[in-house]
Every structure is written in C-alpha cells, then in structure tokens.
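The structure under discussion appears below in the form of structure tokens.
Bear in mind these aren't lab numbers, they're just calculated from the coordinates by the rules spelled out. The shown structure was predicted, so the numbers you read here are calculated from the model rather than taken from an experiment. Here the Cβ is made from the backbone with ideal geometry for all residues, glycine too, and neighbour counts use every protein chain on show.
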C-alpha cells in the first residue's frame, strides 16, 4: 500500500484496508476499540450514510470522537469535475441525487439516526464563498443513567433550594434522598450538593464542620459521583468566596481520585436545575481512566453550559487602545551593573538642544546582556 511505504520509517503504525460500507467487526477490527476516527472525504462516497455511520459507531469507544473533513463547497465546481465518475452517484437513492456530499445540518441528522449525539461542532476551511470542506466533530450518544437514585447534600442555609431541586428531580423520575455532611453516605451513590447555594460553604468553615466533611468524603468510593452546584466564580463572578470550592475540588480529585464535578450557576432557578441534571448524567456516565481526562468544571452562563478550553486570541485586538505619549527623551538607568532586571527607563523633562557637532540617532533595537553594561542618554524626536 502507498501509505505503508510512505510511513515505513515510523513505528507503532498498523495498516489495514477497511470497507466502511460493510460491518467492520467482520473485517477483523476491534469493536469499540478506537478513541479517534479520522475520515477525510470518504464517508460520503457510500450508498447509505446511515449504514456507514452505524459501522463507524461500532468501532468507536463510548468516549471517542469522529473527525470528518467533508466536501461542502459554496461554489459546486467539483460536481462538474467528478460527475463523470459512476461512484459520484452512489448516494442517489439516499436523498443525494444532486451530489453525494451534504451540509453539516444534514450530517447532524444522520449522526443522530446512527446513535450519535449529533454534530458537536463544525468549521469551514475558509470564508464563504471560498470554502471547500467542512470540518466536523461528533461523538456517540451517551447511555442514560439506569440507576435513577440520587441524594441531595444540603445544610440549613440551603434547605429551601434542596426542596426545590428535590421536587424537580422527583417529577422527572428520580428517586431522591437527602444527606448532610454529618451523615455517612453509602459510598457509591450519586450526589448533588447545594451547600454553596445558600452561603459559601468553605468560607469561614468551622473546624468541626470541616472534619465532618472530610469523613463524608472518605466514605465515598471511586465509583461515586458528586456534582457540586455553586455560584459563578470563573465567569461573571458574583461571589469570589465561591472560588474556594474550585481549589478544594481540584485537591480532592488529585488526592482522593473522586469524581468531583463542579457546575457554576449564574442563576438559581428551575431552568438551571434542568442543566444540572444534564451535567450530572454526563459526569456520572464517564470515569477517568487516565488516558483522556474528562471535564470536571462546568459553567452555566446565559443559558449555555461552558467548559474551560484554550483558544487563540489576537493580542492587539484584546489590548486597550494605545495611549499616545508625549514626545519626551528617556534615559536608560542601570541600578546595578550586571543585573538586567535593574534596567529602567527614566523620562527626562525635555529634549536638550542639539549642538552643531551633535548627531541625532534613531535607535531601532539595542542588545543588552550580562556581558555588556552601559549608561547612556538617547535622544529622539
């Protein structure tokens, strides 16, 4: 195969031929054995998208992802180029009689029919109308929690909130109990904490309460699931004292290996509790096996659940408008020779008058290191 020859110098690679339009398990591939499946302009070239995506689903692990790069050009020139090939029309009976490729919106529909959660995100490879491909990410639909028993962890300050969420959970089919930090949990149960929604639980916490909380945690098993509801601390912070919970939760996860998930709420109302149930089902359905760390911190803001991610920013656009400084001379002062951190610019009152035998120099860059120490005045206009 061309790929095998091209990448022969790299180790740890296996090369097999897969016909994704047929059952991959019958072709010798491991069921649920793949965390990431990458398909670049290949899935549309099949007779049935539903059958194809179902076959892909058989290979994908429960927490896996499918990454597609699929044609979706604004200017459909590829139809004129590829339309003479018989394989271009394989999807004619699949509602793709004009061309085999489809929009991200239809991919979302097809994914959901095949047992996925739908398209999790997509981006075109260029601005319209110059885009050619759509980059799409999808994941399997998580199985709903079968054990619908849950406990609400509360204290006196959050008792009314606990009663509200208990009623809401009961209406949706959950069997709900209540706990306090003074109780001994079963060990492997699902728990929603509202301790922070009455008042910041860890702020000025009493010694006896802290010890009771430590004992409460020590009774939990790694199979337990704890969702901690709290006020906003990372996005539109309403009470900085709530941030104590984040540090505590991170420490607990690190030291006790517990599934301790936090959800910050911008509002405490029935709609927020609906989102909390969604996060609970996701958090309790995934365990950290060390290979792919799940999300443990969620933020509900303006009706959208957010998770922390790095993202690229354009620094000039993020900075405030530059301040126009008056034209003044500056002198480079050295606090202590040999120490770069003591270099400072000191502004002088006014430009000194240049004498006939003086030169005006415009510096572009100046190299300074521990071998070169100098003291000089630089005059610019």
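Normalised by the number of residues in the chain, the mean separation of alpha-carbon contacts (under 8 Å, six or more apart) gives a relative contact order of 9 percent. Dividing the mean sequence gap of close Cα pairs (under 8 Å, 6+ apart) by how many residues the stretch 2-140 holds gives a relative contact order of 25 percent.
Return the calculated 222 nm mean residue ellipticity for the chain, to the nearest 500 deg cm²/dmol, obtained by summing -39500 (n - 2.57) across DSSP H runs with n ≥ 4 and dividing by the residue count.
Taken over the chain, the calculation gives -7000 deg cm²/dmol.
At an R0 of 22 angstrom, the distance between the Cβ atoms of residue 22 and residue 137 translates into a FRET efficiency of 0.35. For the pair residue 309 and residue 184, a Förster radius of 35 Å applied to the C-beta separation gives a FRET efficiency near 0.40, rounded to the nearest 0.05.
What does the C-alpha gyration tensor say about the overall shape of the stretch 49-206? Classify as rounded when a/c is under 1.5, otherwise prolate if a/b is larger than b/c, or oblate.
Judged from the Cα gyration tensor, the stretch 49-206 comes out prolate (a/c at least 1.5, a/b above b/c).
In terms of the Cα gyration tensor, with a ≥ b ≥ c the square roots of its eigenvalues, is the stretch 1-43 rounded because a/c is under 1.5, prolate because a/b exceeds b/c, or oblate? In terms of gyration-tensor shape, prolate.
Name the shape class, rounded, prolate or oblate, that the alpha-carbon gyration tensor gives for the stretch 149-307, where a ≥ b ≥ c are the square roots of its eigenvalues, rounded holds for a/c under 1.5, and otherwise prolate holds if a/b is larger than b/c and oblate otherwise. It comes out rounded by the Cα gyration axes.
Each Cα pair under 8 Å and six or more residues apart adds its separation to the average, and for the stretch 149-307 the resulting relative contact order is 20 percent. For the stretch 2-140, report the convex hull volume of the alpha-carbon atoms normalised per residue, in Å³, without decimals. Here the figure is 134 Å³ per residue.
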